[in-house]
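Bear in mind that the values in this text are calculations on the coordinates, not laboratory data. Only a predicted model underlies this, so the values are computations on that prediction, with no experimental measurement involved. Every residue, glycine among them, receives a Cβ derived from its backbone with ideal geometry; neighbour counts consider all protein chains shown.
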Amino acid sequence: MFILLRLLLAHFIGDFPLQFNKIYTLKQRGLLGNVPHVLIIMGSFIAFCWPYLNIPGIWGFILFLSIVHLFQDSIKVGYKGFKYGFWLYLLDQFFHVGLIALVLFTDLRDLPKPSNSHILFVALYNDNLLIVYLIALILATYNGYYMIRSIKNTILKKMCSCVNAEKWYGMFERAALVSVFLLDKYIFLYICGILLLRPLVFACCRKRLSLNEDFIAGSEALMSWAFAIFFGLLLFIVKRYFM
């Protein structure tokens, strides 16, 4: 489980925060266009497996994940309307996670923690709760943004635009909601305070930030809160019962 969590975090970092607009545009060109993205994914895997790079099996598994990722994303691009396609997106991510989980069926699953835990960097690397928190944070923020757009476009059949202010506020809001689940007390009060900020921001900054009505529409706000609280609750359960 130790190495699995780090591989998952590496994947989500490479597939979300490090998938810049330019990288995303290149992906539309097919197999060769996906190479820069996959190299970033591979680099992320290597960075999060740094204590074990002397083990040939780690390199083999990273290479396997990277090659499959290359072909999987290339095939996905070939489907018409893949952008913001909710079901295709879910299938794509489940397949990525499933492949990474194959590490549990190899000898790599028993890799020990680095022993120099007195060094701050190593201590942070060894902290499973921190790794799970970062995974939940990315899933709630970047993944949450994509899923909200894809649900509205694919399921609700509502093509929608989202200005940068709305995108980044939603990500900040979900990050804050997930983070409060690390606390032991007054979680409900903090959640209420964060939820009340959205209508307040809309009332005070609507014209300045060019906010759309969707910003406070029921579906937009409820989906943003639902994703954040869902991943926050998962984080709370892991923290309470597994750490």
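Observations on the structure shown:
- Qualifying residue in the stretch 139-157 (condition: under 27 Å from Gly60 (Cβ atoms) and either in a helix (DSSP H, G or I) or within 13 Å of the chain's Cα centre (by Cα) (or both)): no
- For the residues Asp107, Asp127, the requirement of being loosely packed, with under 13 Cβ neighbours inside 10 Å, out of contact with any Phe, Trp or Tyr (no Cβ under 8 Å at 6 or more places or on another chain) and among the charged types (D, E, K, R) singles out Asp107.
- For Leu18, the requirement of being touching a residue at least 12 places away in the same chain (Cβ under 8 Å) and surrounded by fewer than 20 Cβ atoms within 10 Å (Cβ to Cβ) is met.
- Residue identified as among the aromatic types (Phe, Trp, Tyr) and under 22 Å from Gly144 (Cα atoms) among Phe48, Phe12, Phe64: Phe12
Here's the yes/no breakdown for (1) assigned to a helix (DSSP H, G or I); (2) among the hydrophobic types (A, V, I, L, M, F, W, C); (3) in contact (Cβ under 8 Å) with a residue 40 or more places away in the chain:
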| site | (1), (2), (3) |
| --- | --- |
| Phe172 | yes, yes, no |
| Ser179 | yes, no, yes |
| Tyr190 | yes, no, no |
| Gly193 | yes, no, no |
| Arg206 | yes, no, no |
| Ser219 | yes, no, yes |
| Met223 | yes, yes, yes |
